[in-house]
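See below for the structure under consideration.
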Amino acid sequence: MQDTPNLAGKTVVITGATGGLGLEAAIGIAAMQANLVLVGRNHAKGEAALARIRREVPGAVAEMHYADLTRLDDIRALAATLNEQLPRIDVLLNNAGSMFAKRDTTADGFECTFGLDHMAYFALTLLLWDKLVQSAPSRIVNIASEAHRGVTLDFENLQYQRPGSYSAWQAYRRAKLCNVLFTRELARRLDGTGVTANCVHPGFVATGFGDNNRGLYGLAIRFTKLFAIPLKEGVKTPVHAATSPEIAGKTGLYLSKSKPCEPSAAAKNDETARRLWDESLRLSGLEDRGQGREVPGDGSAPEAARPSARTSA
Ligand SMILES: NC(=O)c1ccc[n+]([C@@H]2O[C@H](COP(=O)([O-])OP(=O)(O)OC[C@H]3O[C@@H](n4cnc5c(N)ncnc54)[C@H](OP(=O)(O)O)[C@@H]3O)[C@@H](O)[C@H]2O)c1
(Lines give C-alpha, C1' and ligand atoms only; values in the text may rest on other atoms or scores of the structure.)
Protein backbone atom coordinates (compact mmCIF):
# COMPACT_ATOMS: atom_id res chain seq x y z
CA MET A 1 0.00 0.00 0.00
CA GLN A 2 1.20 3.53 -0.88
CA ASP A 3 1.95 6.09 1.83
CA THR A 4 -0.39 9.08 1.90
CA PRO A 5 1.42 11.97 0.17
CA ASN A 6 2.37 14.95 2.31
CA LEU A 7 1.31 18.13 0.49
CA ALA A 8 2.33 20.65 3.17
CA GLY A 9 3.15 23.94 1.42
CA LYS A 10 1.25 22.94 -1.76
CA THR A 11 -1.81 24.79 -3.01
CA VAL A 12 -4.64 22.83 -4.57
CA VAL A 13 -7.49 24.59 -6.41
CA ILE A 14 -10.72 22.57 -6.75
CA THR A 15 -13.84 23.72 -8.59
CA GLY A 16 -17.29 22.41 -7.67
CA ALA A 17 -16.10 21.87 -4.10
CA THR A 18 -19.43 22.45 -2.36
CA GLY A 19 -20.65 18.89 -2.88
CA GLY A 20 -20.10 15.53 -4.54
CA LEU A 21 -16.66 14.59 -5.80
CA GLY A 22 -15.20 18.09 -5.36
CA LEU A 23 -15.98 18.25 -1.64
CA GLU A 24 -14.90 14.66 -1.06
CA ALA A 25 -11.61 15.34 -2.89
CA ALA A 26 -11.14 18.47 -0.77
CA ILE A 27 -11.54 16.43 2.44
CA GLY A 28 -9.06 13.80 1.21
CA ILE A 29 -6.51 16.37 0.09
CA ALA A 30 -6.94 18.45 3.28
CA ALA A 31 -5.80 15.38 5.19
CA MET A 32 -2.55 15.56 3.16
CA GLN A 33 -2.00 19.04 4.63
CA ALA A 34 -2.36 21.00 1.39
CA ASN A 35 -3.68 24.57 1.33
CA LEU A 36 -7.11 24.24 -0.25
CA VAL A 37 -8.49 26.93 -2.51
CA LEU A 38 -12.04 25.90 -3.24
CA VAL A 39 -14.57 27.23 -5.71
CA GLY A 40 -18.35 27.13 -5.28
CA ARG A 41 -21.26 29.25 -6.42
CA ASN A 42 -23.58 29.07 -3.43
CA HIS A 43 -22.51 30.85 -0.22
CA ALA A 44 -24.56 28.72 2.19
CA LYS A 45 -23.23 25.51 0.63
CA GLY A 46 -19.71 26.98 0.61
CA GLU A 47 -19.79 27.75 4.33
CA ALA A 48 -21.25 24.31 5.08
CA ALA A 49 -18.49 22.67 2.99
CA LEU A 50 -15.75 24.59 4.84
CA ALA A 51 -17.31 23.65 8.20
CA ARG A 52 -17.41 19.99 7.19
CA ILE A 53 -13.79 19.98 5.98
CA ARG A 54 -12.65 21.56 9.28
CA ARG A 55 -14.73 19.10 11.28
CA GLU A 56 -13.37 16.06 9.44
CA VAL A 57 -9.80 17.35 9.18
CA PRO A 58 -9.03 19.49 12.22
CA GLY A 59 -6.45 22.14 11.34
CA ALA A 60 -7.31 22.03 7.61
CA VAL A 61 -6.28 25.17 5.70
CA ALA A 62 -9.13 25.97 3.30
CA GLU A 63 -10.78 29.00 1.76
CA MET A 64 -13.81 29.25 -0.51
CA HIS A 65 -14.16 31.52 -3.54
CA TYR A 66 -17.46 32.10 -5.27
CA ALA A 67 -18.05 32.08 -9.02
CA ASP A 68 -20.78 30.91 -11.34
CA LEU A 69 -18.64 28.92 -13.76
CA THR A 70 -21.19 29.24 -16.54
CA ARG A 71 -20.21 32.94 -16.71
CA LEU A 72 -16.95 33.98 -18.35
CA ASP A 73 -16.99 37.24 -16.37
CA ASP A 74 -17.07 35.29 -13.11
CA ILE A 75 -14.26 33.01 -14.30
CA ARG A 76 -12.14 36.03 -15.26
CA ALA A 77 -12.76 37.67 -11.87
CA LEU A 78 -12.00 34.41 -10.04
CA ALA A 79 -8.77 33.90 -11.97
CA ALA A 80 -7.69 37.51 -11.36
CA THR A 81 -8.19 37.05 -7.60
CA LEU A 82 -6.34 33.72 -7.53
CA ASN A 83 -3.48 35.06 -9.65
CA GLU A 84 -3.15 38.04 -7.34
CA GLN A 85 -3.56 36.29 -3.98
CA LEU A 86 -1.89 32.91 -4.44
CA PRO A 87 1.88 32.66 -4.51
CA ARG A 88 1.57 29.32 -6.31
CA ILE A 89 -0.87 26.73 -7.67
CA ASP A 90 0.41 23.16 -7.52
CA VAL A 91 -2.78 21.44 -8.62
CA LEU A 92 -5.81 22.68 -10.55
CA LEU A 93 -8.68 20.21 -10.37
CA ASN A 94 -11.36 21.14 -12.92
CA ASN A 95 -14.36 19.30 -11.54
CA ALA A 96 -17.58 21.37 -11.55
CA GLY A 97 -19.96 19.88 -14.07
CA SER A 98 -23.56 18.93 -14.64
CA MET A 99 -26.16 17.75 -17.14
CA PHE A 100 -29.22 19.72 -18.27
CA ALA A 101 -32.48 18.02 -19.23
CA LYS A 102 -33.55 20.85 -21.56
CA ARG A 103 -31.37 22.92 -23.87
CA ASP A 104 -30.63 26.28 -22.30
CA THR A 105 -27.91 28.85 -22.79
CA THR A 106 -25.50 30.58 -20.41
CA ALA A 107 -25.08 34.35 -20.04
CA ASP A 108 -22.39 34.10 -22.74
CA GLY A 109 -24.74 32.26 -25.08
CA PHE A 110 -23.15 28.82 -24.72
CA GLU A 111 -25.30 25.69 -24.51
CA CYS A 112 -25.21 25.04 -20.72
CA THR A 113 -23.54 21.59 -20.71
CA PHE A 114 -20.85 22.72 -23.13
CA GLY A 115 -20.48 26.00 -21.21
CA LEU A 116 -20.06 24.48 -17.75
CA ASP A 117 -18.49 21.10 -18.47
CA HIS A 118 -16.05 22.27 -21.14
CA MET A 119 -15.73 26.05 -21.57
CA ALA A 120 -15.26 26.64 -17.81
CA TYR A 121 -12.40 24.08 -17.68
CA PHE A 122 -10.88 25.70 -20.75
CA ALA A 123 -11.19 29.31 -19.59
CA LEU A 124 -10.03 28.81 -16.00
CA THR A 125 -7.02 26.78 -17.13
CA LEU A 126 -5.91 29.36 -19.69
CA LEU A 127 -6.37 32.20 -17.20
CA LEU A 128 -4.27 30.40 -14.54
CA TRP A 129 -1.67 29.26 -17.08
CA ASP A 130 1.22 31.50 -16.00
CA LYS A 131 0.73 30.71 -12.31
CA LEU A 132 0.71 26.98 -13.01
CA VAL A 133 3.86 27.24 -15.14
CA GLN A 134 5.64 29.33 -12.49
CA SER A 135 4.69 26.69 -9.90
CA ALA A 136 6.04 23.72 -11.89
CA PRO A 137 6.16 20.86 -11.30
CA SER A 138 2.40 21.29 -11.13
CA ARG A 139 -0.65 19.38 -12.30
CA ILE A 140 -3.93 19.98 -14.08
CA VAL A 141 -6.56 17.30 -13.59
CA ASN A 142 -9.80 17.37 -15.55
CA ILE A 143 -12.74 15.26 -14.44
CA ALA A 144 -13.99 13.52 -17.58
CA SER A 145 -16.07 10.36 -17.81
CA GLU A 146 -16.45 7.00 -19.55
CA ALA A 147 -19.56 8.67 -20.98
CA HIS A 148 -17.19 10.17 -23.60
CA ARG A 149 -17.20 6.85 -25.47
CA GLY A 150 -19.37 6.29 -28.53
CA VAL A 151 -19.75 9.94 -29.59
CA THR A 152 -17.87 12.28 -31.88
CA LEU A 153 -17.88 16.08 -32.07
CA ASP A 154 -20.02 17.74 -34.73
CA PHE A 155 -18.48 21.17 -35.22
CA GLU A 156 -21.47 22.21 -37.35
CA ASN A 157 -23.77 21.63 -34.36
CA LEU A 158 -21.34 21.73 -31.43
CA GLN A 159 -23.81 23.40 -29.09
CA TYR A 160 -26.98 21.76 -30.43
CA GLN A 161 -28.04 25.05 -31.98
CA ARG A 162 -29.88 23.15 -34.72
CA PRO A 163 -33.56 23.13 -33.65
CA GLY A 164 -34.75 19.78 -32.28
CA SER A 165 -31.26 18.24 -32.14
CA TYR A 166 -30.67 18.53 -28.37
CA SER A 167 -30.40 15.45 -26.21
CA ALA A 168 -29.22 15.93 -22.61
CA TRP A 169 -27.30 12.65 -22.50
CA GLN A 170 -25.64 13.23 -25.90
CA ALA A 171 -24.71 16.78 -24.90
CA TYR A 172 -23.16 15.47 -21.68
CA ARG A 173 -21.26 12.69 -23.49
CA ARG A 174 -19.88 15.19 -26.00
CA ALA A 175 -18.88 17.59 -23.22
CA LYS A 176 -16.98 14.74 -21.55
CA LEU A 177 -15.33 13.94 -24.90
CA CYS A 178 -14.32 17.61 -24.96
CA ASN A 179 -12.65 17.07 -21.53
CA VAL A 180 -10.47 14.26 -22.90
CA LEU A 181 -9.62 16.13 -26.13
CA PHE A 182 -8.88 19.33 -24.19
CA THR A 183 -6.54 17.37 -21.88
CA ARG A 184 -4.76 15.91 -24.89
CA GLU A 185 -4.14 19.27 -26.54
CA LEU A 186 -3.24 20.79 -23.18
CA ALA A 187 -0.60 18.11 -22.56
CA ARG A 188 0.87 18.82 -25.99
CA ARG A 189 0.98 22.56 -25.42
CA LEU A 190 2.44 22.23 -21.90
CA ASP A 191 5.15 19.82 -23.00
CA GLY A 192 8.47 20.85 -21.46
CA THR A 193 6.95 23.29 -18.94
CA GLY A 194 6.80 20.82 -16.03
CA VAL A 195 3.01 21.21 -15.86
CA THR A 196 1.17 17.96 -16.49
CA ALA A 197 -2.40 17.55 -17.75
CA ASN A 198 -4.38 14.38 -17.13
CA CYS A 199 -8.05 13.48 -17.02
CA VAL A 200 -9.98 10.88 -15.09
CA HIS A 201 -13.13 8.82 -14.98
CA PRO A 202 -14.20 8.62 -11.33
CA GLY A 203 -16.66 5.73 -11.84
CA PHE A 204 -20.43 6.02 -11.61
CA VAL A 205 -20.65 7.71 -8.24
CA ALA A 206 -23.49 8.57 -5.86
CA THR A 207 -23.30 12.38 -5.79
CA GLY A 208 -25.70 15.27 -6.29
CA PHE A 209 -25.03 14.99 -10.03
CA GLY A 210 -28.06 15.81 -12.18
CA ASP A 211 -30.22 16.74 -9.16
CA ASN A 212 -30.78 20.12 -10.80
CA ASN A 213 -33.20 18.34 -13.17
CA ARG A 214 -36.86 17.95 -12.20
CA GLY A 215 -39.67 15.80 -13.60
CA LEU A 216 -39.21 12.41 -15.23
CA TYR A 217 -35.63 13.11 -16.25
CA GLY A 218 -34.62 14.03 -12.69
CA LEU A 219 -36.43 10.95 -11.39
CA ALA A 220 -34.60 8.68 -13.86
CA ILE A 221 -31.23 10.11 -12.79
CA ARG A 222 -32.08 9.57 -9.10
CA PHE A 223 -33.14 5.99 -9.84
CA THR A 224 -29.92 5.08 -11.70
CA LYS A 225 -27.90 6.40 -8.77
CA LEU A 226 -29.16 3.47 -6.71
CA PHE A 227 -26.52 1.49 -8.63
CA ALA A 228 -23.69 3.97 -8.13
CA ILE A 229 -20.54 3.44 -6.11
CA PRO A 230 -20.05 5.39 -2.86
CA LEU A 231 -18.29 8.77 -2.88
CA LYS A 232 -15.35 7.45 -0.88
CA GLU A 233 -14.69 5.00 -3.70
CA GLY A 234 -15.38 7.44 -6.56
CA VAL A 235 -13.01 10.09 -5.29
CA LYS A 236 -10.00 7.76 -5.35
CA THR A 237 -9.01 8.25 -9.01
CA PRO A 238 -9.32 12.08 -9.01
CA VAL A 239 -7.29 12.30 -5.79
CA HIS A 240 -4.74 9.82 -7.15
CA ALA A 241 -4.27 11.90 -10.32
CA ALA A 242 -3.99 15.11 -8.31
CA THR A 243 -1.60 13.93 -5.62
CA SER A 244 0.04 10.55 -6.14
CA PRO A 245 3.83 10.48 -6.60
CA GLU A 246 3.13 7.63 -9.07
CA ILE A 247 1.64 10.21 -11.48
CA ALA A 248 4.39 12.81 -11.03
CA GLY A 249 5.68 13.97 -14.41
CA LYS A 250 3.17 11.85 -16.36
CA THR A 251 0.96 13.73 -18.76
CA GLY A 252 -1.72 13.23 -21.41
CA LEU A 253 -3.24 10.30 -19.50
CA TYR A 254 -6.82 9.17 -19.18
CA LEU A 255 -7.15 7.35 -15.84
CA SER A 256 -9.83 5.00 -14.60
CA LYS A 257 -9.61 3.03 -11.35
CA SER A 258 -6.36 4.94 -10.76
CA LYS A 259 -4.72 3.32 -13.80
CA PRO A 260 -3.99 4.79 -17.24
CA CYS A 261 -6.33 3.40 -19.88
CA GLU A 262 -7.12 4.08 -23.52
CA PRO A 263 -9.81 6.66 -24.19
CA SER A 264 -12.05 6.25 -27.26
CA ALA A 265 -10.60 6.60 -30.77
CA ALA A 266 -12.44 9.93 -31.15
CA ALA A 267 -10.71 11.18 -27.99
CA LYS A 268 -7.29 10.47 -29.52
CA ASN A 269 -7.81 12.48 -32.67
CA ASP A 270 -5.22 15.28 -32.61
CA GLU A 271 -6.89 17.23 -35.38
CA THR A 272 -10.20 17.30 -33.48
CA ALA A 273 -8.37 18.24 -30.28
CA ARG A 274 -6.73 21.17 -32.04
CA ARG A 275 -9.95 22.25 -33.71
CA LEU A 276 -11.79 22.17 -30.37
CA TRP A 277 -9.04 24.30 -28.85
CA ASP A 278 -9.30 26.85 -31.67
CA GLU A 279 -13.08 26.95 -31.44
CA SER A 280 -12.99 27.35 -27.64
CA LEU A 281 -10.46 30.14 -28.03
CA ARG A 282 -12.69 31.90 -30.55
CA LEU A 283 -15.78 31.50 -28.38
CA SER A 284 -14.05 32.70 -25.20
CA GLY A 285 -12.02 35.52 -26.76
CA LEU A 286 -9.09 34.49 -24.54
CA GLU A 287 -5.43 34.89 -25.42
CA ASP A 288 -3.90 31.71 -26.85
CA ARG A 289 -1.42 29.84 -24.65
CA GLY A 290 1.32 27.27 -25.25
CA GLN A 291 1.81 26.69 -28.93
CA GLY A 292 3.39 23.27 -28.38
CA ARG A 293 5.15 21.34 -31.08
CA GLU A 294 3.80 21.08 -34.58
CA VAL A 295 1.93 17.93 -35.55
CA PRO A 296 4.04 16.32 -38.30
CA GLY A 297 2.69 16.69 -41.85
CA ASP A 298 1.86 12.98 -42.04
CA GLY A 299 -0.82 13.54 -39.38
CA SER A 300 0.85 11.27 -36.82
CA ALA A 301 0.73 12.51 -33.25
CA PRO A 302 3.87 14.18 -31.92
CA GLU A 303 5.48 12.38 -28.96
CA ALA A 304 3.92 14.87 -26.58
CA ALA A 305 0.38 14.03 -27.66
CA ARG A 306 0.49 10.27 -27.36
CA PRO A 307 -1.67 8.74 -24.66
CA SER A 308 1.08 6.61 -23.10
CA ALA A 309 2.74 7.79 -19.91
CA ARG A 310 5.48 10.34 -20.48
CA THR A 311 7.77 12.22 -18.24
CA SER A 312 8.07 15.97 -18.45
CA ALA A 313 10.57 18.15 -16.64
N1 LIG B 1 -21.15 11.34 -10.34
C2 LIG B 1 -20.74 10.58 -11.34
O3 LIG B 1 -21.12 9.40 -11.48
C4 LIG B 1 -19.75 11.11 -12.34
C5 LIG B 1 -19.22 10.20 -13.29
C6 LIG B 1 -18.29 10.69 -14.21
C7 LIG B 1 -17.90 12.02 -14.16
N8 LIG B 1 -18.46 12.87 -13.24
C9 LIG B 1 -18.03 14.27 -13.27
O10 LIG B 1 -17.62 14.64 -11.96
C11 LIG B 1 -17.73 16.06 -11.83
C12 LIG B 1 -18.36 16.39 -10.49
O13 LIG B 1 -19.69 15.91 -10.48
P14 LIG B 1 -20.40 15.32 -9.19
O15 LIG B 1 -20.86 13.97 -9.56
O16 LIG B 1 -19.58 15.50 -7.98
O17 LIG B 1 -21.69 16.28 -9.17
P18 LIG B 1 -22.34 17.16 -8.00
O19 LIG B 1 -22.47 16.38 -6.75
O20 LIG B 1 -23.58 17.73 -8.62
O21 LIG B 1 -21.28 18.33 -7.78
C22 LIG B 1 -21.08 19.31 -8.76
C23 LIG B 1 -20.37 20.50 -8.16
O24 LIG B 1 -20.26 21.50 -9.21
C25 LIG B 1 -20.85 22.71 -8.75
N26 LIG B 1 -21.44 23.49 -9.83
C27 LIG B 1 -22.49 23.15 -10.62
N28 LIG B 1 -22.80 24.15 -11.46
C29 LIG B 1 -21.93 25.15 -11.18
C30 LIG B 1 -21.74 26.46 -11.68
N31 LIG B 1 -22.53 26.96 -12.64
N32 LIG B 1 -20.75 27.21 -11.16
C33 LIG B 1 -19.97 26.74 -10.17
N34 LIG B 1 -20.10 25.53 -9.64
C35 LIG B 1 -21.07 24.73 -10.14
C36 LIG B 1 -21.91 22.26 -7.77
O37 LIG B 1 -22.31 23.36 -6.98
P38 LIG B 1 -23.80 23.43 -6.33
O39 LIG B 1 -23.69 22.57 -5.11
O40 LIG B 1 -24.01 24.88 -6.06
O41 LIG B 1 -24.76 22.87 -7.34
C42 LIG B 1 -21.16 21.16 -7.04
O43 LIG B 1 -20.26 21.71 -6.10
C44 LIG B 1 -18.50 16.54 -13.06
O45 LIG B 1 -17.60 17.09 -13.99
C46 LIG B 1 -19.12 15.27 -13.62
O47 LIG B 1 -19.31 15.34 -15.00
C48 LIG B 1 -19.37 12.44 -12.34
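Could you give the nm distance between label points at Gln85 and Arg55, where each point is 7 Å from its Cα heading toward the beta carbon?
Placing both labels 7 Å beyond Cα along the Cβ direction yields 2.4 nm.
Helix-only mean residue ellipticity at 222 nm, the chain, DSSP H runs n ≥ 4 weighted -39,500 (n - 2.57), per residue, nearest 500. What is it?
When only DSSP H runs of four or more count, the value is -11000 deg cm²/dmol.
Could you report the accessible area of Ile27 in Å², rounded to 10, computed with a 1.4 Å probe on the protein chains as they sit in the structure?
Number for this one is 20 Å².
Percent of Cα-Cα pairs more than 36 Å apart in the chain, please.
Here the tail beyond 36 Å accounts for 10 percent of pairs.
Who wins for biggest fluctuation among His118, His65, His148 in a Gaussian network model of the chain, springs between alpha carbons below 10 Å?
Result: His65 has the largest fluctuation of those listed.
Roughly how many Å is it from the Cα centre of the stretch 42-99 to that of the stretch 170-188, as a whole number?
Answer, in whole Å: 22.
When the chain is modelled as a GNM with alpha-carbon springs shorter than 10 Å, which of Thr15, Thr70, Thr152 fluctuates the most?
Thr152
Suppose accessible area is computed on protein heavy atoms with a 1.4 Å probe; arrange Asp3, Asp108, Asp117 from highest to lowest.
Largest to smallest exposure gives the sequence Asp3, Asp108, Asp117.
Once amide H atoms are placed 1.01 Å from N in the peptide plane, what residues at a sequence separation of 5 or more from Ser256, or on another chain, have their amide H within under 5 Å of its amide H?
Amide H neighbours of Ser256: His201, Cys261.
Find the lysine pairs in the stretch 136-284 meeting two conditions, Cα atoms under 18 Å apart and a separation of 8 or more places or different chains, and report how many there are.
10
Out of the GluC sites (Glu not before Pro) in the stretch 154-259, which ones are loop residues according to DSSP with at most 15 other C-beta atoms within 10 Å?
Here the sparse-neighbourhood loop sites are Glu156.
Show me the trypsin sites (Lys or Arg not before Pro) within the stretch 70-130 that DSSP assigns to loop and that have at most 16 other Cβ atoms within 10 Å of their Cβ.
Arg88, Lys102
Would you mind calculating the relative contact order of the chain from Cα pairs under 8 angstrom and at least 6 residues apart, reporting the percent as a whole number?
18 percent
Determine the dipole magnitude for the stretch 11-288: charges of +1 sit on the beta-carbon of Lys and Arg, -1 on that of Asp and Glu, nothing else is charged, the reference point is the Cα centre, and the result goes in debye to the nearest 20.
780 debye
Along the charge dipole of the stretch 148-252, Cβ charges K/R +1 and D/E -1, which of Gly208, Gly234, Leu158 sits furthest on the positive end?
Gly208
The values are calculated or read from the model by the stated rules, or taken from the named source; none is laboratory data. Keep in mind that this is a model prediction, so the values were computed, not measured. FYI the Cβ positions are ideal-geometry reconstructions off the backbone, even for glycines, and counts take in every protein chain you see. Surface accessibility is based on the protein's heavy atoms, side chains included, excluding ligands, DNA and RNA. Shrake-Rupley method; radii C 1.70, N 1.55, O 1.52, S 1.80 Å.
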